[in-house]
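Everything below concerns the one structure shown next.
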Amino acid sequence: MGRAGIVVTGILLLLAVAAFATHWKAPQEARTLQNPIKATQASIAKGKELYMTYCAKCHGLKGLGDGPSVGSLRVQAGLNLTILGSESDGEIFWKISVGRAEMPPFELILTPEERWHLVNFIRTLKAR
Ligand code: HEC
C-alpha cells in the first residue's frame, strides 16, 4: 500500500470510529424503564397510525430514513434499525421522548401511552 493508501485507510478508520462514538446513546436510567403496554395487535396498530402521522415523513414508511422530509435534514434520519437488536424498549422510548437534532421531543406532543405504542410498532420493523 502506498502512502496515499495508508492516509485514506486512516481517514476511513477515523470516520468509522467517530460515527460509532457519536451514536446517540440513552442514559443508563432509560435502559431499565419498563414498557407498561403489552405489544398486542391493538397497540401495534395504534403505534403504526401514530408513526405514519408523526414519524414517517423523516424516517420513511419502513424506518429506513427515506421519508420525504429527509432532503432538508442536517442529520441523517436513518432510524438505524440495528438499535432494535441492541436497545431496550426504555432506551427507544427515551429517544422518542427527548428527540435530538431535527427530531422534536415527542414528550411535548404525545402522551406516554402513545410513545409506548410507537415503541411496540417500531419493534415490528425489520433491520436489513
Ligand atoms: C423532523 C424529522 C424527524 C421526525 C418527524 C422524527 N424523527 Fe426520529 N430522528 C430524526 C433524526 C435526524 C434522528 C437522528 C438523531 C441523531 O442521531 O442525532 C432521529 C432518531 C430517532 C431514533 C433513534 C435512532 C437511533 O439510531 O438511535 C428513534 C428511535 C426515532 N428517531 C424515532 C422517531 C419516532 C418514533 C418519531 C415519531 C414519533 C420520530 N422519530 C420522528 C428525525 C426525525
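We did not get these values from a lab; they are worked out from the coordinates using the rules stated. Model, not experiment: these values are computed from the prediction. Note that each Cβ is placed from the backbone with ideal geometry, even for glycine, and that neighbours are counted across all protein chains shown.
The S69 and H23 beta-carbon pair, evaluated with R₀ = 30 Å, returns a calculated FRET efficiency of approximately 0.85. Computed over the range 24-122, the range of Cα coordinates on each principal axis works out to 36, 30, 27 Å, biggest value leading. Take the Cα of K38, step 7 Å toward its Cβ, do the same at R123, and the gap between the two points is 1.3 nm.
Taking 7 Å steps out from each Cα toward its Cβ at I109 and K57 produces label points 0.7 nm apart.
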